[in-house]
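Student: This is the structure, below, for whatever I ask next.
The values are calculated or read from the model by the stated rules, or taken from the named source; none is laboratory data. If you're wondering where the values come from, they're calculated on a predicted model, not measured in any experiment. As a convention, Cβ positions derive from the backbone with ideal geometry for all residues, glycine included, and neighbour counts pool all protein chains shown.
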Amino acid sequence: MQIHDRGIVVAIALCTLATAARGAAFQLDHAAAAQELLARDGITIEDGGPIDPLAYVRSRSVTANIGAFEVSISKAALAERRAARDLRDSCVSLVEVQEHWLEWTGSAAGAEAEAADLRALRTWVSKWNLGALRSVGERGNGRETELPGLNEEIESTLARLRTRSLEAGRRPVRLVLVPSREEFVGLCCLAGQARPSLRPALWVEGIEKWTWFFVDDVRFVSLEYATIDATPTDYSRGTRIDSRNPSGLRQHVSQLAVNEMLRARYGEGASAAFVSGIAMNLVIDIFGEVDTRIDGDLRGRMTRAREMFIPGGNPAGGVLPKISADTRWRTHRGKYHFVRILRQAQKAGGNRRRGVDKVRTFLLQNDNGRLEYALRAPVLGPTAVPTVTPPSWAESDRLEFIRAYKSGFLFWLRENGGADDDDARAAFGRLLAALERSRGTASLEETLERVYGIPLSEPELGEDCLEGRFLRWLSKQRG
């Protein structure tokens, strides 16, 4: 969900491993939570009136500028070796994000020099000594000038990367990593305390289970999920996001960062499904999988409003029901860009159809697999609106299907979507560049047709649209 309030954009996501409390006997005292956060620093709101949350974070954080990203973490948190490792590992991953993005888009002049700078930056960040990093929080202002191993050569590299990252009116992507649940909830409450206009978005039921939120262009990212028994009066305990998967936290931070980077570059009107699909595929490129809880079938989180790239769902957003944390769509954690599970669903759906419907039908299920629904493509574009609204009992499976479908389609588009396979990656790079140039002045569908010469989709799904070609390609893959 996105809320626009006098230029302030707030985006919120609920914890994906916990159930939203219904009819809770106690409600979170948001003002008290904000005051408790400040009290730990010896500050009271009465000392000087409302305290701006972003100024508060800047004053108490260590910040690393790494090309397109600006990453902060509190100095107090860095006293813990684990937090220092989280900062270093997250920064390494964000450099890798930029390297892979350059590989996807880097045909322009200067790409080779930028790639060399990113390699040097990754080498420097990966060698941050954890003890030295922890000591940064104990002295000075916590800016990058105090980070371990910084020298004139690295300073020049950082300056060049920052200059490139701000070209064409771009802005840096600002992330605040928050190691503890107590601090995360307190910061969310502090934002509402300081800015009453944000209270309808931030001072709401369930924030003790969120995993990220926005204030202006700053994304606050929790490094823990709420425990399943978290309540408005007991939310301090958390579960590490990487507790089930050693690279889970790095994947989580990387996907959220790419989402924000693309939102900044493509404009607020960018297709949310396209942006999240690109972010998922970048994560798969880096880690070989996408084992995140950011989109798809996510218990108790807010859904986005309907949009045209992948229509369907509740047009006003809303809270999804509780369902199983892992589904058949996540068995392989997105390896192979979900192609195998998509082919299995396509094959099962095709067994119920004849002719062209054999490649355009996917079999969805309810939670226990006893009820089945044949969803018929198109899935992409405005022509899909009547086709992607299954019965309510299949909605959870539809959300997982959509998550897989957008990843699989965008993988095909980059690898096989050109006039020939050799041209596919170049065409995909032209698409990404065109979207950034337009910044929302042209729709995704218009830009796709301009780059590829055929529409995204059409009702008959023949060879003269991208989705029709994707479905035929998928039908020939291993399931």
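Student: Picking from L431, L380, L410, L375, which residue would you name as being more than 28 Å from E268 (Cβ to Cβ) and either out of contact with any Ser or Thr (no Cβ under 6 Å at 6 or more places or on another chain) or in contact (Cβ under 8 Å) with a residue 60 or more places away in the chain (or both)?
Tutor: Answer to the selection: L375.
Student: If I ask for residues that are of a type in the set (S, T, N, Q) and part of a helix (DSSP H, G or I), which ones from segment 89-136 would you list?
Tutor: In the first step, residues of segment 89-136 are kept if they are of a type in the set (S, T, N, Q); the result is 90, 93, 98, 105, 107, 123, 126, 129, 135.
Correct list: S90, S93, Q98, T105, T123, S126, S135.
Student: Would you check if A434 is part of a helix (DSSP H, G or I), farther than 23 Å from I284 by Cα and at pLDDT below 95?
Tutor: yes
Student: In segment 458-471, what residues are of a type outside the set (A, V, I, L, M), in contact with a helix residue (DSSP H, G or I) (Cβ under 6 Å, 6 or more places away or on another chain) and modelled with pLDDT of 95 or more?
Tutor: Once the filter is applied, which keeps residues that are of a type outside the set (A, V, I, L, M), in contact with a helix residue (DSSP H, G or I) (Cβ under 6 Å, 6 or more places away or on another chain) and modelled with pLDDT of 95 or more, segment 458-471 yields only F470.
Conditions (1) at pLDDT below 95; (2) surrounded by fewer than 16 Cβ atoms within 10 Å (Cβ to Cβ); (3) in a helix (DSSP H, G or I), marked per residue:
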position	(1), (2), (3)
H337	no, no, yes
L342	no, no, yes
Q346	no, no, yes
R352	yes, yes, no
G369	yes, yes, no
Y373	yes, no, no
P378	yes, no, no
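Student: Pairs only if they're at least six apart or on different chains, beta carbon under 7 angstrom, first in segment 53-64 and closer than 19 Å to A79 by Cα, second at pLDDT 90 or above and among the acidic types (D, E); list them, first residue then second.
Tutor: Taking only residues 6 or more apart or on different chains, the pairs are T63/E70.
Student: In this structure, does E395 turn out to be part of a helix (DSSP H, G or I), crowded, with 18+ Cβ neighbours inside 10 Å, assigned by TED's automatic domain parsing to the domain that holds G350 and not aromatic (F, W, Y)?
Tutor: Yes; evaluated as a whole, the condition is true for this residue.
Student: Another question, if that's okay. In segment 223-279, how many residues are in contact with a His (Cβ under 9 Å, 6 or more places away or on another chain), closer than 30 Å to L435 by Cα and crowded, with 21+ Cβ neighbours inside 10 Å?
Tutor: Final tally of qualifying residues: 0.
Table: residues versus (1) touching a Phe, Trp or Tyr at 6+ places or on another chain (Cβ under 8 Å); (2) at pLDDT 90 or above; (3) assigned by TED's automatic domain parsing to the domain that holds L87.
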residue	(1), (2), (3)
L223	no, yes, yes
Q255	no, yes, yes
N281	yes, yes, no
E289	no, yes, no
M308	no, no, no
K322	no, no, no
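Student: State all residues of segment 398-446 that are surrounded by fewer than 21 Cβ atoms within 10 Å (Cβ to Cβ) and hydroxyl-bearing (S, T, Y); if no residue qualifies, say none.
Tutor: Correct list: S438, T441, S443.
Student: Are any residues in segment 438-459 touching a residue at least 40 places away in the same chain (Cβ under 8 Å) and not hydroxyl-bearing (S, T, Y), and if so, which ones?
Tutor: Residues satisfying the conditions are R439, G440, L444, E445, P455, L456, E458, P459.
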